[in-house]
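The values are calculated or read from the model by the stated rules, or taken from the named source; none is laboratory data. Worth saying up front: this structure is predicted, and the values here are computed from it rather than measured. Heads up, the Cβs are rebuilt from the backbone with ideal geometry, glycines too, and the neighbour counts pull from every protein chain shown. Side chains included, ligands, DNA and RNA excluded: accessible areas come from the protein's heavy atoms. Shrake-Rupley method; radii C 1.70, N 1.55, O 1.52, S 1.80 Å.
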Amino acid sequence: MAPLEESIHDFAQTAGFSLVGIARAVEADGFHRLREWLARGYSGEMAYMQRQADARKHPDSILDTVRSIIMVAMDYAEPLPNPVTTASIAPTTGKLARYAAGPDYHDVIWERMGKVVTWLQTELPGCRARAVADTAPLLERDFARRAGLGWIGKNTMLINKHRGSYFFLGAILTDLDLKPDPPHESDHCGTCTACLDACPTQAFPEPGVLDARRCISYLTIELRNPVPAELRSGVGDWLFGCDVCQEVCPWNRHDETQPESVDAVELLGMDDQEFRNRYRGTALMRTKRRGLLRNAALVLGNTGDEHALPVLRAALNDSEPMIREAAEWAIQEIERRATSPEG
């Protein structure tokens, strides 16, 4: 009979995970760095990061009897069923981060981890196990590195030599005392600074440190207020999230997929019911209508396409103040470009 750890690896891969590793449930390596990061104000308006800070010190805050953590990775560069929506490439299209295409990844990864938990508890009745992904106070990348899945790059992403960084992380906490996999001790970023140099909003004050307040993913997803004026041009045509620091990473050179695109003009014309009908069950619901339409207005302002003016002017009467403000800015940007000698 194969060792339990080997069987866990095999079953998790059968369940749809591209990477699997086991780590001991100990204090997170990066807890002190998290504290420093929070103290520098880099979490922006993500108040939950402050509230849950102490809970991230040790995984026993999630499962009090935890002894081992099974870390899994699920690729998001692979084609997913039921794509959100694609638009013909036009000046008014906005890009979605690769992970946002298709169904909400939480549903997909939870379903797969649920299979692993069920199998584990069937094999070992009475064992405790809890699956978490992006919704519990766990420093997932720390334990993924400990489980041998990769190293944490200068862009703060977990990178694997064979799969790059286009994947989600999930964790299954258990009270089983499992033999851990060798941790990933080496760093393969070398002298490369492509990710730092390419960031449109200069969100990396130093290698391995992200100022979320300047990050396009934060600005277009987490931020619940208007995007600061000085950062709006940097958002470019990113409608939801951003992949720039991953796109330029040499370890992702094998990936040839392109971000999904959405027509920002069409989006800005949607009422609340249309928005829900179109994006229910996808990651884009996270921003709610007010956030995504705010982003759509910024994208249109950055494109400078005068064909977007009618829908932007209509948005000046939207019930959401944040959408109205973004539309007004976009109109001013388009009109400014139209009258500028530089075009």
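3J(HN,Hα) couplings calculated from phi for the range 31-43 with the Karplus curve 6.51 cos²θ - 1.76 cosθ + 1.60 (θ = phi - 60°) are, in sequence order, 4, 5, 5, 4, 4, 5, 4, 5, 5, 7, x, 6, 7 Hz; Gly and Pro show x.
At full extension, E36 and H307 could sit 92.9 nm farther apart than now, given 0.36 nm per residue minus the alpha carbon distance.
In order along the range 137-149, the phi-based Karplus estimate (6.51 cos²θ - 1.76 cosθ + 1.60, θ = phi - 60°) of 3J(HN,Hα) comes to x, 10, 7, 4, 5, 4, 6, 5, 5, 4, 7, x, 7 Hz; Gly and Pro are listed as x.
Just checking the listed ones, A53, A171, A326: in the Gaussian network model of the chain with Cα springs under 10 Å, the one fluctuating most is A53. Summarising the label geometry, the points placed 7 Å from Cα in the beta-carbon direction at E45 and D134 lie 2.0 nm from one another. Among the trypsin sites (Lys or Arg not before Pro) in the range 222-291, those placed in a DSSP loop whose Cβ has at most 14 other Cβ atoms within 10 Å are R224, R253, R280. Sites listed here are GluC sites (Glu not before Pro) in the range 22-51 whose DSSP assignment is loop and whose Cβ has at most 16 other Cβ atoms within 10 Å: E27, E45. With Cα atoms as the point set, the chain shows a radius of gyration and Dmax of 21.5, 76 Å.
If you take the square roots of the eigenvalues of the alpha-carbon gyration tensor of the range 1-79 and sort them as a ≥ b ≥ c, do you get rounded (a/c under 1.5), prolate (a/b over b/c) or oblate? Oblate. For q = 0.19, 0.20 Å⁻¹, what log10 I(q)/I(0) does the range 256-343 give under the Debye formula with an equal point scatterer on each alpha carbon and no solvent? Log10 I(q)/I(0), no solvent term: -0.82, -0.88.
Over the residues of the chain, the helix contribution to mean residue ellipticity at 222 nm works out to -10000 deg cm²/dmol, using -39500 (n - 2.57) for each DSSP H run of at least 4. If R0 equals 25 Å, the separation of the Cβ atoms of R224 and Q273 corresponds to a calculated FRET efficiency of about 0.70. Restricting the calculation to Cα atoms, the range 160-205 shows an Rg/Rh of 1.10 when the hydrodynamic-style radius is the Kirkwood one. Distances between placed amide hydrogens fall under 5 Å for R128 paired with D175, L176, all partners being 5 or more residues away or on another chain. Three principal axis extents describe the C-alpha atoms of the range 89-185; from largest down they are 57, 32, 25 Å. Subtracting the Cα-Cα distance of D64 and T14 from their residue separation scaled by 0.36 nm leaves 15.1 nm. Surface composition of the range 1-157: carbon and sulfur make up 50 percent of the accessible area, probe 1.4 Å. Partner lysines whose Cα lies under 24 Å from the Cα of K115, excluding those fewer than 8 positions away in the same chain, are identified as K179.
Solvent-accessible area per residue in the chain equals 46 Å², computed with a 1.4 angstrom probe and all protein chains kept. Computed from phi, the 3J(HN,Hα) profile of the range 217-234 under the Karplus parametrisation 6.51, -1.76, 1.60 (θ = phi - 60°) reads 4, 5, 4, 8, 10, 7, 5, 9, 10, x, 5, x, 4, 6, 9, 5, 5, x Hz, with x in place of Gly and Pro. Segment A2..D197, full-extension length gain: 65.5 nm, with 0.36 nm per residue of separation and the alpha-carbon distance subtracted. Taking amide H atoms as placed 1.01 Å from N in the peptide plane, the amide H of L19 lies under 5 Å from those of A73, each 5 or more residues away in sequence or on another chain.
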